[in-house]
Amino acid sequence: MYRDGARKSIWQEEVRKFSAETDLSQIFDVAIVGGGITGVSTALKLQESGKKCIILEAANIGFGTTGGTTAHLNNFFDTTFNEAIRDFGLEKARLYAESGDDAIEMIEDRIHRYNISCDFTRKSAYLFALDEKQQEQLKNIVEGADKVGHEMSYVNETPFPIPFKEAVVIPGQGHFHPIKYIRGLCEAFIKLGGSVQENCLCEGHDEQKEYVVLKTSKGEIKAENVVYATHIPPGVNLLHFTNAPYRCYAMAFTLKNDRYPWALGYDLCEPYHYYRIQNIEGENLLIAGGEDHKTGHAEDTGECFSKLENYVREYFDVETVYYSWSSQYYEPVDGLPYIGKLPGSKERIFVATGFRGNGMIFGTLSSQILHDLIVTGESKYGNLFNPSRIKPIAGFSDFVKENATVAFDFVKDKIFKDKVESFSEIGEGEAKVIRYESESYALYKEIDGTLHLLRSTCPHAGCEVRWNSAELSWDCPCHGSRFNVNGKILTGPTTRNLQKVFPYQKHDP
Ligand SMILES: Cc1cc2nc3c(=O)[nH]c(=O)nc-3n(C[C@H](O)[C@H](O)[C@H](O)COP(=O)(O)OP(=O)(O)OC[C@H]3O[C@@H](n4cnc5c(N)ncnc54)[C@H](O)[C@@H]3O)c2cc1C
């Protein structure tokens with residue numbers, strides 16, 4: 001299984017190829033674009049109710065963030081219940097709280113129904129405040145939870161070796177192996193007659209009266225409805241201005257003392273650290289995550305791993321680091337995900353995005369919402385998560401801030417570029433955006449001296465890409481498109497590669 005980064009995540013060995021021969025000239029009921037947890041869950045749900053579905057995945061099942069997640073299943077979210085009450089009112093915040101319970105039950109139900117062996121376990125979660133400021137935050141979180149009827153109780157002890165001022169326990173949470181889970185869903189989908197096309201990039205759509213024509217790398221594919229389960233929809237859409245891309249880092253460690261805290265844990269730092277345990281081939285591993293930043297906004301992404309490792313070593317008796325990887329998520333400007341009809345679509349195209357760090361839950365919930373919208377025309381969550389909502393009160397200042405940053409990127413990148421006279425100024429293993437003979441390039445020099453020279457302008461909206469040394473990728477700070485050193489797309493919303501100049505060999509100028 002491949003992933004959208006150079007580092008191997010803890011889940012990566014667990015997938016096989018799913019593509020099979022399918023007659024692509026038929027008209028499908030629903031084409032689901034994207035083979036992560038959202039796409040696979042939605043495809044299965046629709047296929048279960050008799051729809052003829054096809055999953056179109058640009059790379060392989062699990063290639064996107066689902067292959068780089070940490071797979072906590074928690075029904076309290078990054079946007080707290082008090083924030084939801086403040087911005088959307090108590091009634092909607094209660095519905096928001098209900099959505100988490102619904103999603104975990106759906107996951108459990110599917111695991112039992114299809115007999116999926118994916119290490120699913122119910123666990124308690126602990127939230128801990130490390131200082132007085134975090135204590136205030138925790139109080140606020142607990143107050144909000146109380147108002148929406150969500151169980152959280154103060155405790156004197158946690159299973160984590162991290163000293164705290166105050167902590168709460170939240171029962172009934174869980175974790176699982178996300179790739180084993182979506183593989184099980186995919187197998188069930190295929191058994192029910194569903195089709196999967198991997199290595200099938202969807203480049204655009206034409207929404208007609210009777211159906212949607214998708215332009216893909218395997219030719220045109222027609223479907224009555226389309227779901228963009230691509231984490232962020234491809235092309236240019238309003239949702240690119242209401243969602244901001246972030247990178248997050250995860251590492252998996254063995255511990256010397258074998259005292260693994262078998263629970264979910266979260267501090268309230270900004271950004272927060274989170275913990276869980278996973279057994280891989282008989283070996284217990286502590287997975288820790290954190291060090292989030294806006295995509296393209298860290299000077300040295302490799303350093304994020306050192307910071308995370310040092311932080312974990314302060315509290316845990318670390319033996320060996322087995323895995324370290326990073327991945328991308330999207331922050332919605334008003335804090336809630338966007339699940340429903342794609343803004344700008346007449347009626348046939350749907351989308352699910354803006355999950356923050358809760359995509360196992362919202363990706364799963366999307367399958368129910370999108371199924372209901374496509375099959376019955378309504379969903380109890382339809383209004384709450386409507387992608388066309390504009391909430392100036394709820395997220396207006398964030399909205400302005402995020403978009404101002406985007407605009408700033410456009411300007412600043414045109415100015416701050418290193419000028420080089422010769423490519424020999426670039427060291428082995430180094431990457432840079434450079435100006436050379438009045439053009440700007442993204443240049444990566446391999447250890448053996450081979451140069452990879454690309455135009456540095458992202459084909460999505462014209463921003464300049466930046467080097468991500470952790471995953472050996474060129475990342476666009478504006479909307480999160482990412483490319484490998486050869487310019488090939490790793491992550492949307494772009495549907496075009498970075499323009500390759502030509503391959504330089506070792507002794508070229
Ligand atoms: C480090 C990290 C840890 C996280 N931990 C948790 C956690 O503990 N719990 C939790 O609930 N959430 C967590 N999240 C969030 C969660 O992992 C994501 O929200 C979720 O995986 C998104 O799933 P998805 O199916 O929507 O998108 P993805 O998994 O990204 O799948 C989208 C797929 O669409 C494909 N695609 C994209 N564009 C096209 C196109 N044009 N044509 C065809 N295919 C296309 C991609 O190749 C990709 O495979 C975490 C996120 C990160 C970054």
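List the trypsin sites (Lys or Arg not before Pro) within the range 16-99 that fall in a DSSP loop (any state other than H, G, I, E or B) and whose Cβ has at most 14 other Cβ atoms within 10 Å.
Here the trypsin sites (Lys or Arg not before Pro) that fit, given the DSSP loop and packing criteria, are Arg16, Lys17.
Within the chain, which whole H helices from DSSP have a Cα span along their axis of at least 27 Å and a mean Kyte-Doolittle hydropathy of 1.6 or more, if any?
none
Per 10 Å bin, what is the whole-percent P(r) computed from every C-alpha pair distance within the range 229-388?
For the range 229-388, the pair-distance distribution reads 10, 33, 27, 20, 9, 1.
With both partners inside the range 212-356, how many of the DSSP beta bridges are antiparallel, as a percent to the nearest 5?
Roughly 95 percent of the DSSP beta bridges within the range 212-356 come out antiparallel.
Compute, for the chain, the length of the dipole vector about the Cα centre, with Cβ point charges of +1 (Lys, Arg) and -1 (Asp, Glu) only. Units Debye, rounded to 20.
Its charge dipole is roughly 1020 debye.
From Cα pairs below 8 angstrom and at least 6 apart in sequence, can you work out the relative contact order of the range 418-491, rounded to a whole percent?
19 percent.
Identify the GluC sites (Glu not before Pro) of the range 198-275 meeting these criteria: DSSP loop state and at most 13 other C-beta atoms within 10 Å of the C-beta.
Answer in residue order: Glu210.
Modelled label-to-label distance, Cys269 and Glu430, 7 Å Cα→beta-carbon offset: nm?
For Cys269 paired with Glu430, the spin-label model returns 3.2 nm.
Can you tell me the relative contact order of the range 201-268? Whole percent, Cα pairs under 8 Å, sequence separation 6 or more.
18 percent
Kindly point out, ordered by number, any Cys in the chain whose beta-carbon has no other cysteine beta-carbon under 4.7 Å away.
Isolated Cys, the chain: Cys53, Cys118, Cys186, Cys200, Cys202, Cys248, Cys269, Cys304.
Using the beta-carbon distance between Glu210 and Asp317 and R0 = 56 Å, what value does 1/(1 + (r/R0)^6) give for FRET efficiency, to the nearest 0.05?
Efficiency, from the Cβ-Cβ distance: 0.35.
Over the chain, how many percent of alpha carbon pairs lie in each 10 Å bin up to the one with the longest distance?
4, 19, 29, 27, 15, 4, 0
For every helix of n ≥ 4 consecutive DSSP H residues, a contribution of -39,500 (n - 2.57) applies; sum these over the chain, divide by its total residues, and give [θ] at 222 nm rounded to the nearest 500 deg cm²/dmol.
That comes out to -8500 deg cm²/dmol.
Which whole-number percent is the relative contact order of the chain (Cα, under 8 Å, 6+ apart)?
The value is 17 percent.
Filter the trypsin sites (Lys or Arg not before Pro) in the range 430-509 to those in DSSP coil with at most 15 other Cβ atoms within 10 Å of their Cβ, and list the result.
The qualifying sites are Lys488, Arg496, Lys506.
Tally Lys/Arg at +1 and Asp/Glu at -1 over every other residue whose Cβ is under 11 Å from the Cβ of Leu264; what's the total?
Net charge in that neighbourhood comes out at +3.
Every read-out reported here was derived from the displayed coordinates using simple, explicitly stated rules and does not represent laboratory data. Not measured: the values here are computed from a predicted model. All Cβ positions, even for glycine, are placed from backbone atoms using ideal geometry, and neighbour counts span all protein chains on display.
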